[in-house]
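Input: a single structure, listed below in structure tokens.
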Amino acid sequence: MSAKQGTALRYAIVGAGMAGILAAIKLREKGEAFTVFEKAERIGGTWRENRYPGLTCDVPAHAYTYSFEPYPEWQAYYATGGEIQTYFEKVVDKYAIRPAIRFGAEVTALDWDDAAAEWTLTLASGERQVFDVVIAASGVLHHPRMPEIPGLDSFAGPAFHTARWDDTAPIDDAKVGLIGCGSTGIQIVTAINTRVANLVHFQRSPQWIMPVPQFAYTEEERAAFRADPALIDAIRFSDEYIGNVRRFTDAITDIDGPQMKMIEEACLQNLENSIKDPVLKEKLRPTYRAACKRLIYSWSYYDAVQNPAVFVETGRIAHVEPGGVRMADGTFHELDTLILATGFQADRFIRPAGVTGRDGATLDTFWARRPTAHYAVTLPGFPNFFMLNGPTGPVGNFSLIDIAERQWDYIDQLIDLLRRGEGRAVAPTAAAHADYEERRIAAARTTIFGSGCSSWYLDGEGVPASWPWSYDAFDEAMRQPKLEQYAVTA
Ligand code: NA7
């Protein structure tokens, strides 16, 4: 019997973004006490940090909410980042989570004490607190990846990463350069092309663009959603959404199957029908398989990029000079503002916080080859440490909220072992995790993400870092942890 039986477990949640808020709500529902540690001064994670023009979530708005907290107020089928931030602020207030959040509290270290079966959490201030359970909800894409371009620091005007948007930077009637054409770069082109004097979009790799509908909800529609939540369910549980998710995961796992063919055809037809200038069309034609990089959903990029104010530069950047960007062929682009839409370091997770588990094992060492977690949630040697949207999860496959909710169901059942006093510490066995990882890597190599392109989905060895199986397989895996894969210790 556990020494802690009968005493309440102490929970630390790291991060007050979508996943941390979820964990807080779920623990509150159970009447449990917790502290959320947030390094910033506001909640929201991704939606707090990203404020660039055009920021939109590529999951339909009604499907990008907690399942238990539908939101009738969305302005359009795809929501803007600002609206999503507002949604999370409202949820945090509705569930009275804010008083349990420590803002400006950056977790720098977590150290497991096996004898006491507890984690010591250290903050940047040096303050320490002790917890039984740690929920790592620190997000996936939150460390900007700065490009290594010679002379970047010499640029005379504002040059900044998209997640550090500079509101003072000239955009209107200005000469703007934009490096990168992932989802972020593409959204920025759609938002600023009509504002700039001219926009040079530096494109290293062209993108597959999936055409999707975007439309505003009217006030009457919002009133109807308020009056009848079933109307919201009809959208978020519709075949259009859930069916699309299933079809997409079928496509990425069966890369020569009919679903992938449909995606490729829809994107190529979009390119063919939308882009008039044959030279531009060839510049924009992808040279790798669809959905290998994150597929871009857009209703307006191909219109935006045909604005004469936009020039797609496909040459190699030589260096940056104070006045602009010099290409390898000598061409010079004079610029007032340089925007870096160059993505994120996707392998950091809770790092740079130092996490030390059983017998002094560090997360850095455990992840030396690649970040991994058992079913994306737990780690052998790191008891009572649970990750939401941790490594090997379906981050590129479907809504991160949906993923986090299912992961919480799995985590909650593991914590139940502690609540019931079956032990004081729970962690997957090394053997069970090794088996999972072996199967996952073998399957991941055959997914579309491993079909030969560079992307943030790949680990340092070029293996897709994400969940390689279907939506239903994830649903099934998260319903119930296989307890024989876990060791519960006193
Ligand atoms: P992504 O998807 O990682 O895209 C980064 C883009 O930046 C991509 O086009 C890169 O080209 C380009 N890049 C990176 N470094 C350079 C240099 N040095 N020179 C030129 N171009 C460069 O990041 P996003 O922010 O757009 O999106 C991240 C996720 O956020 C997205 O998938 C959604 O989940 C939301 P490359 O393709 O490597 O040739």
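The values are calculated or read from the model by the stated rules, or taken from the named source; none is laboratory data. The structure displayed is predicted, hence computed values, not measured ones. Cβ: placed from backbone, ideal geometry, glycine included. Neighbour counts: every protein chain shown. Calculation scope for accessible area: heavy atoms of the full protein, side chains included, ligands and nucleic acids excluded. Shrake-Rupley method; radii C 1.70, N 1.55, O 1.52, S 1.80 Å.
List, in the order given, every pair from K175/K276; K26/K90; K30/K94; K26/K482 whose Cα-Cα distance in the structure shown is over 20 Å.
K175/K276; K26/K482
Whole number please: convex hull volume per residue, Cα atoms of region 32-187, in Å³.
179 Å³
Would you please report the Å³ per residue occupied by the convex hull of the alpha carbon atoms in region 450-490?
129 Å³
With an 8 Å cut-off on Cα pairs and a minimum separation of 6 or more residues, tell me the relative contact order of region 368-480 in percent.
31 percent
Using the C-alpha atoms of region 350-490, what convex hull volume per residue, in cubic angstrom, is computed?
109 Å³
Count the DSSP beta bridges whose two residues both fall in the chain, then state the antiparallel fraction as a percent rounded to the nearest 5.
Antiparallel: roughly 45 percent of the beta bridges in the chain.
Collect residues whose amide H, placed 1.01 Å from N in the peptide plane, falls under 5 Å from the amide H of T108; neighbours closer than 5 in sequence don't count.
The list, which skips near neighbours in sequence, is T122, L123, A124.
Given points 7 Å out from each Cα along the Cα-Cβ axis, report the Y77 to E221 separation in nanometres with one decimal.
Placing both labels 7 Å beyond Cα along the Cβ direction yields 0.8 nm.
Taking C-beta distances below 4.7 angstrom as the pairing criterion, name the unpartnered cysteines of the chain, in sequence order.
C57, C181, C267
Given Cα positions, please report Rg to Rh for the chain, the hydrodynamic radius being the Kirkwood one.
Reported Rg/Rh, Kirkwood definition of Rh: 0.97.
Rounded, prolate or oblate, given the Cα gyration tensor of region 109-236, with a/c below 1.5 counting as rounded?
Oblate is the answer for region 109-236, as a/c is 1.5 or above yet b/c matches or exceeds a/b.
Hey, can you rank 123-134, 42-53 by average C-beta count inside 10 Å, highest first?
Top of the packing list down: 42-53, 123-134.
How high is the relative contact order of region 424-483, given as a whole-number percent (alpha carbon pairs under 8 Å, six or more residues apart)?
Once divided by the residue count of region 424-483, the mean separation gives 26 percent.
Percent relative contact order of the chain, based on C-alpha pairs within less than 8 angstrom and at least six residues apart?
Across the chain, relative contact order equals 20 percent.
I'd like the distance separating the alpha-carbon centroids of region 231-294 and region 409-474, in whole Å.
Taking the Cα centre of each part, region 231-294 and region 409-474 sit 26 Å apart.
Using per-residue counts of other Cβ atoms within 10 Å, averaged over each peptide, order 59-66, 32-39 from highest down.
59-66, 32-39
For the chain, build the charge dipole from Cβ charges (+1 Lys, Arg; -1 Asp, Glu) around the Cα centre, then report which of A12, S454, L400 sits farthest towards its positive end.
Highest projection toward the positive end goes to A12.
Pairing the Cα long axis of helix 258-274 with the longest principal axis of the chain, what angle in degrees results, from 0 to 90 and rounded to the nearest 10?
Computed tilt is about 30 degrees.
Given axes a ≥ b ≥ c from the Cα gyration tensor, I'd like to know whether region 137-210 is rounded (a/c under 1.5), prolate (a/b larger than b/c) or oblate.
rounded
Once phi is turned into θ = phi - 60°, what whole-Hz ³J(HN,Hα) does the Karplus curve with 6.51, -1.76 and 1.60 give for every residue of region 140-145, x standing for Gly and Pro?
Those phi angles translate into 10, 10, 10, 10, x, 9 Hz.
Counting only heavy atoms of protein chains, what accessible area per residue, in Å², does region 338-435 have with a probe of 1.4 Å?
For region 338-435, the solvent-accessible area averages 28 Å² per residue.
Compute, for M478, the solvent-accessible surface of its heavy atoms (probe 1.4 Å) with the complete set of protein chains present, and express it in square angstrom to the nearest 10.
It works out to around 0 Å².
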